[in-house]
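Beneath this line is the structure, given in structure tokens, with notes to follow.
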Amino acid sequence: MSKFVYGTDLALNIEKIIMTAQESLMLFAPCIQLAPRLREELRRKINMDGLQVTVVFGKADADQSKSTRKTDIEFFTAFPNVVICYEEKLGAIYYANESTAVLASVDLNNYSTVDNIEAGLVMTAKGMLKQLAGTLTSTISETEKSSFETALEYFTDAVSRSRELFRKTPQYEKGFLNLNKKYSRSVVETNEIETYFASIDATKSETPVVGIDAITTYSEPAKEVSKPFFTEFKAEEAPKPQEPVKQPEPVAEKAAPETTRAADEFQPGFCIRTGNAIFFNPRN
């Protein structure tokens, strides 16, 4: 059975897959950078040794460093039964547990159905009665597989062909009469996480900058520094005070010598009647 979902319904179905997982949980996405809400749901499963967790991520936007964060990978290593793989060619997004699977457009690094147009296809496994009915009615041909079973086989095969970075396997102690088993601890069988992230850092540092030689750089003209109104001088460079310039003493003008009027110097007089100036002759 398949159902088309989108928007909030898609997000709820992805969360439901994590919440209801009891035996198997598979997370396939090019980018795995856990949103806080999904991280919290996964944390509730962190002590379930009977839950097989499989995480596969790939390369995002041709930049391997954008695929995931080291903190997210280390978060999955805390599960007691987990496999973490890297597949460079991975482009599909697939989330599944033992009974339900979702083929979706939403990645784990941009887990948002509010601002984006996202959709997916929800697939459920056949019930036991339907599987039995299909077996009884089939003749020569094999019972038709559901979409859920076909997708499960496809992605399980993808795990076997991917690069395994981490594997932790639970160990059990046998109970009374070998009827019950008790979880004792988990053993790390593969751990290449440090090597993987070290190779990413080395690749980023060795990647040359393309086209740097073709870029012509122009140096900006030196900015003219405005001179201060008052020039500062160091103590040893301070100018010596100049002596005041002595102004020449004013030369006192000599009084002109008094001259004796000549007897014949013109001494004007006035006419009593007309008021005109006339020559004054004391001899007359």
Exercise for the section: Would you check which residues across the range 47-67 are modelled with pLDDT of 95 or more, assigned to a loop (DSSP other than H, G, I, E, B) and either on the phi > 0 side of the Ramachandran plot or surrounded by 20 or more Cβ atoms within 10 Å (Cβ to Cβ) (or both) and list them? Expected result: Leu51
Practice task
Those residues that are closer than 27 Å to Gly58 by Cβ and open to solvent by 30 Å² or more (accessible area, probe 1.4 Å), I need them from the range 160-185; list them, please.
Solution key: Ser160, Arg161, Arg163, Glu164, Arg167, Lys168, Thr169
Exercise for the section: Inspect all residues belonging to the range 24-41 and state whether any of them is without any contact (Cβ under 8 Å) to a residue 12 or more places away in the chain and either closer than 25 Å to Thr195 by Cα or crowded, with 18+ Cβ neighbours inside 10 Å (or both). Expected result: no
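The values are calculated or read from the model by the stated rules, or taken from the named source; none is laboratory data. In this text, all values refer to a predicted model and were calculated from it rather than measured experimentally. Reconstructed Cβ throughout: ideal geometry from the backbone, glycine too, with neighbour counts over all protein chains shown. All accessible areas refer to the heavy atoms of the entire protein, side chains included, with ligands and DNA or RNA removed. Shrake-Rupley method; radii C 1.70, N 1.55, O 1.52, S 1.80 Å.
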